[in-house]
1. Among DSSP beta bridges whose residues both lie in the range 4-227, state the antiparallel percentage, nearest 5.
2. Please identify, among PRO37, PRO88, PRO160, the residue showing maximal mean-square fluctuation in a Gaussian network model of the chain using a 10 angstrom Cα cutoff.
3. Within the chain, what percent of beta bridges assigned by DSSP are antiparallel, to the nearest 5?
4. Which trypsin sites (Lys or Arg not before Pro) in the range 77-166 sit in a loop by DSSP (not H, G, I, E or B) and have at most 10 other Cβ atoms within 10 Å of their own Cβ?
5. Provide the per-residue ³J(HN,Hα) series for the range 227-239, in order, calculated from phi with Karplus coefficients 6.51, -1.76, 1.60 and θ = phi - 60°, each as a whole number of Hz, with x at glycine and proline positions.
6. With N set to the number of residues, divide the alpha-carbon radius of gyration of the range 14-105 by 2.2 N^0.38 Å and report two decimals.
7. Given H placed on each backbone N at 1.01 Å, which residues far from LEU374 in sequence or on other chains put an amide H within less than 5 Å of it?
8. Would you compute, from DSSP H runs of 4+ residues alone, the mean residue ellipticity of the chain at 222 nm, taking -39500 (n - 2.57) per run and dividing by the full residue count, rounded to the nearest 500?
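Each value in this text was obtained by applying a stated rule to the coordinates, not by laboratory testing. As the structure is a prediction and not an experimental result, all values here were calculated from the model. Cβ sites come from the backbone with ideal geometry, for glycine too, and all protein chains shown count toward neighbours.
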Amino acid sequence: MARVRLENITKRYGEETAVDDISLEVEDGEFVTFVGPSGCGKSTTMETVAGLTQPTEGRVYIGDDDVTGLAPKDRGVAMVFQNIALFPHMDVYENISFGLRLRKYDDEEVRRRVEQAADIVQLEGMLDRMPAEMSGGQQQRVGIARAIVRNPDVFLMDEPLANLDAKLRVHMRTELQRLHRELDATVVYVTHDQAEAMTMSNRIAVLNNGKLQQIAPPLVCYNEPTNLFVAGFIGSPSMNFVEGTLIEDGLETNNFTVDLDSTRVPGVTVGDDVTMGVRPEDVHLSRFEETVGSSTAPIRAQTDVLEPMGDEVFIYILLSESVDGSMKQDPATSPNQLLMSVTPDTAIEANEEIEIILDRSKIHLFETATGDALVHGITDLSEREPGTTPTEADS
Ligand code: ADP
């Protein structure tokens, strides 16, 4: 196996920049996923590694070799795509071994490699089946086995599970993780599905508009997103965002004030416009205050729609002015609406007056103008350093 290094990769199609100056390194044996919305440049970046696309600028290294000008077949990579494209008139053995036979490997070596690969993807006993006799998941495993027999330095996978139904996709996620572990393989994986990226990868590379936003382990992207885009893209349902202005002891929004110690936020001054981000699971009912280490003062709200999911309930809540219906806005973008999640045993109904609190240690602040993260989690007001203005909350 080998590491992969991208150095200032840019790809332009005419006026359009599909990939914008991306540099990153995938370690030997690492599973790295490119994730982002459709059109963000994931596949194009991957194609520059595969050699299917030449970058306009930048270099690609596999192992210690600069492979930028090399043909795909000379790069030591094997690809698995969304569309597996098996030969319908060939059985599984012939499909898996096709590339090896083309390269004139001797029969014994071909058989050894095919049987080993079939064993890894659990297709033993199916080698004489025709593709038409197999399920989508089994066909996808043939595609993966076809990549394994080539004994590549790097596996490149572009949405390999996208055509499978939801249940099979979840199953194949665990299979791919097992495969990665067993082969100690370097894997570069492309998906638009943040859940797929979160569950399988050592690190995820979040892309938007052709630019690398963050590359980090999944939980780092989740807990410490580098900007508003990553914060909103990683995690489902999405993080709530509320725009406001910093005041001395809080964040003032259109509808409510969040009491937090703005002196604890690096790089800002009172009067700055910031966006608060808080995940649904970090919004709590004030009656459960004791379960939250450091909470904000209660904020008045009203429940709107409830979505029971079985293991949790999502609740859309309307805040202050919107409670009397005077500020109805598009729920998807309204700053007057937040999504919270509660356990299913919580006694709560639609159109109920409630008070919410936010877990201060889980509040993210972003610079509104740039979207850049300022701070993740804000220290308790009571831990205020001497010399700063005391507030009611300190007494
Ligand atoms: P993703 O894989 O994230 O969906 P792509 O890498 O496929 O995104 O595409 C990135 C951008 O580059 C898109 O705007 C797409 O339209 C453009 N693009 C990709 N391939 C070509 C091409 N062959 N010719 C022109 N534009 C392309």
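1. Values: 19 of 37 bridges.
Around 50 percent of the beta bridges assigned by DSSP in the range 4-227 are antiparallel ones.
2. PRO88
3. 75 percent
4. Details: sites: ARG101, ARG103, LYS104, ARG111, ARG112, ARG113, ARG129, ARG141, ARG146, ARG150; in loops: ARG103, LYS104, ARG129, ARG150.
Of the trypsin sites (Lys or Arg not before Pro), the ones in loops of the range 77-166 whose Cβ has at most 10 other Cβ atoms within 10 Å are ARG103, LYS104.
5. After applying 6.51 cos²θ - 1.76 cosθ + 1.60, I find 7, 4, 4, 5, 4, x, 7, 8, x, 9, x, 5, 4 Hz.
6. On the way: Rg = 15.8 Å, N = 92, 2.2 N^0.38 = 12.3 Å.
Relative to the 2.2 N^0.38 Å estimate, the range 14-105 comes out at 1.29.
7. Those qualifying (amide H under 5 Å, at least 5 residues apart or on another chain) are LEU365, PHE366, GLU367.
8. Values: 8 runs with 84 residues, N = 395.
After summing the helix terms and dividing by residue count, I get -6500 deg cm²/dmol.
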